[in-house]
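Trainee: The structure follows.
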Amino acid sequence: MKLAKWLIPLALILALPAPAEERGRSPFKDLSDEELDRLVELHHTQEEEFRLVLLPTSVTDRRGRVVHGLNSEQFRLYEDQVAQEIRYFASEATEPLSIAFLLDVSGSMRQLGKLEHAKAAIRSIVEALGSEDRVGLICFADEQVVWVTDFTQDRGRFLERLDVQHGFGQTALNDAVALAPQLVEDQADGRRALVLITDGVDNASDLAMSAAIESARRVEMPIYTVGFLSVDRGSLPKDYESTNLEVLDRVAHETGGRMFAVSGPGDLKEAILTLENELRHQYLIGYYTASRDGAYHHISLTVKPTKYRVRTRKGFWTGKGS
């Protein structure tokens with residue numbers, strides 16, 4: 001990247017028209033060190049005024065099947081209803097994928113074998129990934145939201161660490177939703193995703209779900225949520241299950257992911273097959289924004305043919321002055 005920043009102003013210098021009698025001479029003989037520094041600084045200043053916004057994007061047809069082979073010209077991108085130029089486009093296999101699994105290892109996940117089913121689901125996704133893809137494992141229980149395995153291509157090491165996880169303590173789901181995306185962003189660039197697997201029974205978070213979702217919206221990655229329907233209802237309100245699914249669906253919707261509700265191994269297997277297929281065939285779309293006001297900006301992405309469904313993040317936050 002540093003080399004590219006020098007090459008761009010250099011190209012501009014070489015493109016400057018020289019007097020006819022001096023053509024063929026090196027342009028550097030006509031520019032002082034101060035002038036060269038000024039041109040480089042001007043380029044850097046212009047570059048820093050813009051931010052690259054990346055949008056991991058999934059496209060499906062009316063039957064929910066992944067759509068392959070689209071190109072950048074078929075997409076239309078808007079920020080706050082203003083059309084934007086797509087400046088970065090990668091499809092399917094052209095960009096390696098980094099997946100972080102956010103696994104609920106609280107005590108409630110021990111019930112009905114949910115934790116073991118979740119491990120099996122993660123194992124099947126990992127085994128289906130390409131050799132260049134990376135996986136990481138974040139677990140949460142009680143007040144802990146921690147990396148168990150950083151991003152790695154070493155499948156054996158990852159699965160060893162996954163296998164020894166056991167359920168304990170309470171569930172701080174909201175805190176995990178707020179913290180985990182930032183943990184992933186600090187370690188991975190490019191095409192990436194977070195896969196949350198939980199029974200969703202939050203009983204230990206410091207944050208409200210609205211605050212957790214706002215935090216997750218600040219990070220450029222989709223969050224896919226897998227929610228177990230089978231929970232111990234003895235101490236829960238009658239409408240807790242549906243409310244829980246609505247929360248998981250909102251997390252996925254706001255970040256460009258997808259929610260899967262599962263009630264047993266059969267549902268889970270079907271959900272995982274759909275999930276891994278979608279993750280393998282994402283598009284990564286990027287544009288430059290000049291927004292620097294600290295506000296939330298809405299994103300709209302459409303595709304032709306319009307019969308296809310596009311899922312991507314709904315917007316982004318800017319840091320004032322950043």
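Trainee: Only one of these conditions is not met by Val164: (1) closer than 30 Å to Glu132 by Cβ; (2) surrounded by 20 or more Cβ atoms within 10 Å (Cβ to Cβ); (3) among the β-branched types (Val, Ile, Thr). Which number is it?
Mentor: (2)
Trainee: Hey, another quick one. If we keep just the residues of the range 54-73 that are of a type in the set (S, T, N, Q) and surrounded by 14 or more Cβ atoms within 10 Å (Cβ to Cβ), which is nearest to Thr255 (Cα to Cα)?
Mentor: Thr57
Trainee: Scanning the range 98-117 for residues that are outside any strand (DSSP E or B), among the hydrophobic types (A, V, I, L, M, F, W, C) and touching a Phe, Trp or Tyr at 6+ places or on another chain (Cβ under 9 Å), which turns out surrounded by the most Cβ atoms within 10 Å (Cβ to Cβ)?
Mentor: Ranking the candidates gives Met109 first.
Trainee: Given the structure, is Tyr283 crowded, with 18+ Cβ neighbours inside 10 Å and aromatic (Phe, Trp, Tyr)? Steps first, please.
Mentor: Details: crowded, with 18+ Cβ neighbours inside 10 Å: yes; aromatic (Phe, Trp, Tyr): yes.
For Tyr283, the condition - crowded, with 18+ Cβ neighbours inside 10 Å and aromatic (Phe, Trp, Tyr) - is met.
Trainee: Quick one: in the range 297-322, which of the residues that are aromatic (Phe, Trp, Tyr) and modelled with pLDDT under 90 is nearest to Gly64 (Cα to Cα)?
Mentor: Phe316
Trainee: Still on this structure, I have one more. Which of (1) surrounded by 11 or more Cβ atoms within 10 Å (Cβ to Cβ); (2) modelled with pLDDT of 90 or more; (3) of a type in the set (A, V, I, L, M); (4) more than 24 Å from Ala252 (Cα to Cα) does Leu42 not meet, given it meets every other one?
Mentor: The failed condition is (2).
Let's see how each residue does on (1) under 23 Å from Val262 (Cβ atoms); (2) in contact with an Asp or Glu (Cβ under 7 Å, 6 or more places away or on another chain); (3) in a strand (DSSP E or B); (4) at pLDDT 90 or above:
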residue: Asp189; (1), (2), (3), (4): no, no, no, no
residue: Arg192; (1), (2), (3), (4): no, no, yes, no
residue: Leu196; (1), (2), (3), (4): yes, no, yes, yes
residue: Ser205; (1), (2), (3), (4): yes, yes, no, no
residue: Ser215; (1), (2), (3), (4): no, no, no, no
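Trainee: Kindly indicate the residue of the range 260-278 that is assigned to a helix (DSSP H, G or I) and more than 20 Å from the chain's Cα centre (by Cα) and also surrounded by the most Cβ atoms within 10 Å (Cβ to Cβ) among those meeting that condition. It would help to see each step written out before you state the result.
Mentor: Here is the first cut: in the range 260-278, the residues assigned to a helix (DSSP H, G or I) are 265-278.
Remaining after also requiring more than 20 Å from the chain's Cα centre (by Cα): 265-270.
Numbers: Pro265: 13, Gly266: 9, Asp267: 16, Leu268: 21, Lys269: 15, Glu270: 12.
Among those that are assigned to a helix (DSSP H, G or I) and more than 20 Å from the chain's Cα centre (by Cα), it is Leu268.
Trainee: Could you figure out which of (1) at pLDDT 90 or above; (2) over 30 Å from Tyr88 (Cβ atoms) isn't true of Met209?
Mentor: (1)
Trainee: Do we find a residue being over 20 Å from the mean Cα position of the chain (by Cα), at pLDDT below 90 and assigned to a loop (DSSP other than H, G, I, E, B) anywhere in the range 75-93?
Mentor: No: the range 75-93 contains no residue that is over 20 Å from the mean Cα position of the chain (by Cα), at pLDDT below 90 and assigned to a loop (DSSP other than H, G, I, E, B).
Trainee: Is it fair to say Leu129 is out of contact with any Asp or Glu (no Cβ under 7 Å at 6 or more places or on another chain), of a type outside the set (Gly, Ala, Ser) and surrounded by 15 or more Cβ atoms within 10 Å (Cβ to Cβ)?
Mentor: Considered against the rule, which asks whether it is out of contact with any Asp or Glu (no Cβ under 7 Å at 6 or more places or on another chain), of a type outside the set (Gly, Ala, Ser) and surrounded by 15 or more Cβ atoms within 10 Å (Cβ to Cβ), Leu129 comes out as yes.
Trainee: Looking at the range 87-118, which of its residues are of a type outside the set (A, V, I, L, M) and either touching a helix residue (DSSP H, G or I) at 6+ places or on another chain (Cβ under 6 Å) or closer than 30 Å to Thr289 by Cα (or both)?
Mentor: Arg87, Tyr88, Phe89, Ser91, Glu92, Thr94, Glu95, Pro96, Ser98, Phe101, His117
Trainee: Sticking with this one: Only one of Gly257, Gly286, Gly294 is of a type outside the set (Lys, Arg) and within 18 Å of Ile125 (Cβ to Cβ); which?
Mentor: Going through Gly257, Gly286, Gly294 in turn, the sole match is Gly257.
Trainee: Would you point out the residue of the range 279-314, among those that are part of a strand (DSSP E or B) and hydrophobic (A, V, I, L, M, F, W, C), that is farthest from Glu85 (Cα to Cα)?
Mentor: Residue satisfying both the conditions and the ranking: Val310.
Trainee: Out of (1) touching a residue at least 40 places away in the same chain (Cβ under 8 Å); (2) farther than 14 Å from Val67 by Cα, what's the single condition that is false for Asp293?
Mentor: Evaluating Asp293 over (1) touching a residue at least 40 places away in the same chain (Cβ under 8 Å); (2) farther than 14 Å from Val67 by Cα leaves (1) as the failure.
Trainee: Another one. Give the number of residues within the range 100-126 that are farther than 18 Å from Asp267 by Cβ and hydroxyl-bearing (Ser, Thr, Tyr).
Mentor: Counting residues in the range 100-126 that are farther than 18 Å from Asp267 by Cβ and hydroxyl-bearing (Ser, Thr, Tyr) gives 2.
The values are calculated or read from the model by the stated rules, or taken from the named source; none is laboratory data. This structure is a prediction, so every number in the text was calculated from the model and none was measured. Neighbour counts run over all protein chains shown; Cβ positions are idealised from the backbone, glycine included.
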